[in-house]
Amino acid sequence: FVRCLARTSSVAPKGGKSGANFAVSHDGRLLIKMIGKEELNAYCSYGPAFFQHYAAVLFHQQVSLLTEIFGVYRLTHRHYATGKTSTFNAMVMRNLRHGATSTTVFDL
């Protein structure tokens, strides 16, 4: 998991209302969404219900159209040359387009 996140590439999604920055892991399996404080607070409020729903999906074979969220993390990055640090919040989820052949994508 950590190795997948160690090397990422920025992606520029088309559409979407949040204007958030996205990155994809080097193997393409994980999608990383940079989230602000407001979205982090919203996630903290609905996160427990989401994980309860997803537990039902995993353990009781229920169907879901929601992607798997592996967690929300606060990351600190130190620039190698300048030594400056920056901190940001990131939501890590499964990249539903990994291995897909469809060219049509809808943003819910």
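Quick check: residue separation of F50 and T67 times 0.36 nm, minus the Cα distance between them. What number comes out in nm? Walk me through the numbers before you get to the answer.
Numbers: separation 17, 0.36 × 17 = 6.12 nm, distance 1.05 nm.
The F50-T67 span can extend by a further 5.1 nm.
In loop segments of the stretch 18-100 as defined by DSSP, the trypsin sites (Lys or Arg not before Pro) with at most 11 further C-beta atoms inside 10 Å of their C-beta are K84. Split the accessible area of the stretch 1-94 by element, probe 1.4 Å, and carbon with sulfur accounts for 57%. In a reduced charge model with +1 at each Lys and Arg Cβ and -1 at each Asp and Glu Cβ, the stretch 1-94 shows a dipole moment near 340 debye about its Cα centre. The calculated FRET efficiency for the pair R74 and A100, based on their C-beta separation and a Förster distance of 22 Å, comes to about 0.15.
Could you please put Y43, Y73 in sequence from largest to smallest accessible area, using a 1.4 Å probe?
Details: Y43 15, Y73 85 Å².
Of Y43, Y73, the descending order of accessible area is Y73, Y43.
Taking L30, L5 and ordering them by how much accessible surface each has at a 1.4 Å probe, largest first, produces L5, L30.
The values are calculated or read from the model by the stated rules, or taken from the named source; none is laboratory data. These figures come from a predicted structure and were not determined experimentally. Every residue, glycine as well, gets a Cβ built from its backbone with ideal geometry; the counts of neighbours run over all protein chains shown. What goes into the accessible areas is simple: the full protein's heavy atoms, side chains included, and nothing from ligands, DNA or RNA. Shrake-Rupley method; radii C 1.70, N 1.55, O 1.52, S 1.80 Å.
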